[in-house]
Amino acid sequence: MNSQFLWTSLALLAGVLMGLYLAVIMRAGKTKRTFQQLNHRYFKGLNYLLNDESDKAIDVFIQLAETSQETFEPQLALGNLYRRKGEVDRAIKLHQALIAQAELPERYRTRALLAIGKDYMSAGLLDRAEVLFSELVEIEAHTPEALQSLVEIYQQEQDWLQAIKSATRFQTATQRNMQTSIGHYYCELAEMSLQQDDIQQAEKYLASALRIDDVSVRAHLITARIHQDQQQWQQAINAYQAAKQADSAFIPLFINDLANCYLALGEGEQLEAELLKWIETYRGVSPVLTLASYYAKEKDEAFATEFLTAQMNNRASFKGLNALIELNEAELSQLGDDFAYFNVLKDLIAKLLKNKPKLRCRKCGFGAKSLHWQCPSCKNWGVVKPIYGLESE
């Protein structure tokens, strides 16, 4: 039913466009015979389309595309609709037929090239699409659209240097802010350098990321990890603090590492003071759980339990309840058979949390259990963040 509706809509759109162009032909003084020929051939193709005879329809439309410039607009639109329906081969054939026209005006040729480039992208033929879009950029035709498509291609190919170059040109051409994306491209390069044990190059890329996007949480976190691996505890703390200032939503992802850095320096009291300050302004439960864990080790479980219980009144969460049970596990085990109920509750909480996403895209709502710096669904960067609520943060 959906397919039939789509094709019906497609046919109606194509029919309307064709009607407009036929009217133009008549106003331009074309002969009645030309009008009748175009009218007959085009509506013959539409009839095939509506009767779900796509192969016959595409043959008619390709023949029209190769011989008549007057039908360029509806043919171009029809090819785009083929692509959106997933019939990329037909879209390519139709758009190629448009380019094959003799003496096709340059403004039409470049639009057809742009359409074929998008067809190739949909078909996964990224190398061919790249060639076409690069040609359009070189001749300064449809530059913004071509550059945007090149950025998408280089992202898929993980060619981050070319992605930076194209995104920068796209930003200049359109005045659209690409700083967040470019910052992530530099972070990707930094990650690749770290995989090759080239810390110096990674630090250069991170500096570029922060120069482009000074609130890049990811750049601060990678920097913190580098310092932490080298046991440069204070530098790591500074980087984690900078990440928190950039976007506190990411606190759950690094708070335990931050605590380990403070403890490695023997600055437990400073850690306590810092976490108490965070708890005042941050609505999630992670700082509370980290501080409760610290109290359990440095003071006693009773003090940690009292602290956690008081905090749970203001920010109830299954993670907090589970932590309470674990803090008092030794004492609860003395209840004998009654302790089995707590084990059941603990297992239920674990199963509930296991099946729930921990992060969600703030743009499209995509849910994830692990961090994606680029949303797998909408492809935006830096928008997948921890979820707040009873079942999460």
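The values are calculated or read from the model by the stated rules, or taken from the named source; none is laboratory data. Being a predicted model, the structure only gives us computed values, none of them experimental. Counting neighbours? That spans all protein chains shown, and the Cβs are built from the backbone with ideal geometry, glycine included. What goes into the accessible areas is simple: the full protein's heavy atoms, side chains included, and nothing from ligands, DNA or RNA. Shrake-Rupley method; radii C 1.70, N 1.55, O 1.52, S 1.80 Å.
Return a yes/no flag: does the stretch 120-128 have any residue that is open to solvent by less than 10 Å² (accessible area, probe 1.4 Å) and in a helix (DSSP H, G or I). So that I can check it myself, show each step before the final result.
Let us first name the residues in the stretch 120-128 that are open to solvent by less than 10 Å² (accessible area, probe 1.4 Å), namely none.
No.
Quick test of your reading of the structure: Val285 fulfils all but one of (1) open to solvent by less than 10 Å² (accessible area, probe 1.4 Å); (2) free of Cβ contacts under 8 Å to residues at least 60 places away in the same chain. Name the failing condition by number.
(2)
Conditions first: (1) open to solvent by 30 Å² or more (accessible area, probe 1.4 Å); (2) touching a residue at least 12 places away in the same chain (Cβ under 8 Å). Glu267 passes all but one, so which condition is the exception?
(2) is the only condition that Glu267 fails.
Looking at Lys297, Lys351, Lys277, which one is at pLDDT 90 or above, open to solvent by 60 Å² or more (accessible area, probe 1.4 Å) and farther than 24 Å from Asn238 by Cα?
Working: Lys351 fails: at pLDDT 90 or above; Lys277 fails: farther than 24 Å from Asn238 by Cα.
Of Lys297, Lys351, Lys277, the one residue that is at pLDDT 90 or above, open to solvent by 60 Å² or more (accessible area, probe 1.4 Å) and farther than 24 Å from Asn238 by Cα is Lys297.
What number goes with the only condition from (1) surrounded by fewer than 24 Cβ atoms within 10 Å (Cβ to Cβ); (2) in contact with a helix residue (DSSP H, G or I) (Cβ under 6 Å, 6 or more places away or on another chain) that Ala236 does not pass?
So Ala236 meets the others, but not (1).
In the stretch 202-232, which residues are in a helix (DSSP H, G or I) and either open to solvent by 60 Å² or more (accessible area, probe 1.4 Å) or in contact with a Gly (Cβ under 9 Å, 6 or more places away or on another chain) (or both)? Steps first, please.
Looking only at the stretch 202-232, we keep the residues that are in a helix (DSSP H, G or I), and these are 202-212, 217-229.
Those that are in a helix (DSSP H, G or I) and either open to solvent by 60 Å² or more (accessible area, probe 1.4 Å) or in contact with a Gly (Cβ under 9 Å, 6 or more places away or on another chain) (or both): Glu203, Lys204, Ser208, Ala209, Leu210, Arg211, Ile212, Val217, Arg218, Ala219, Arg225, Asp229.
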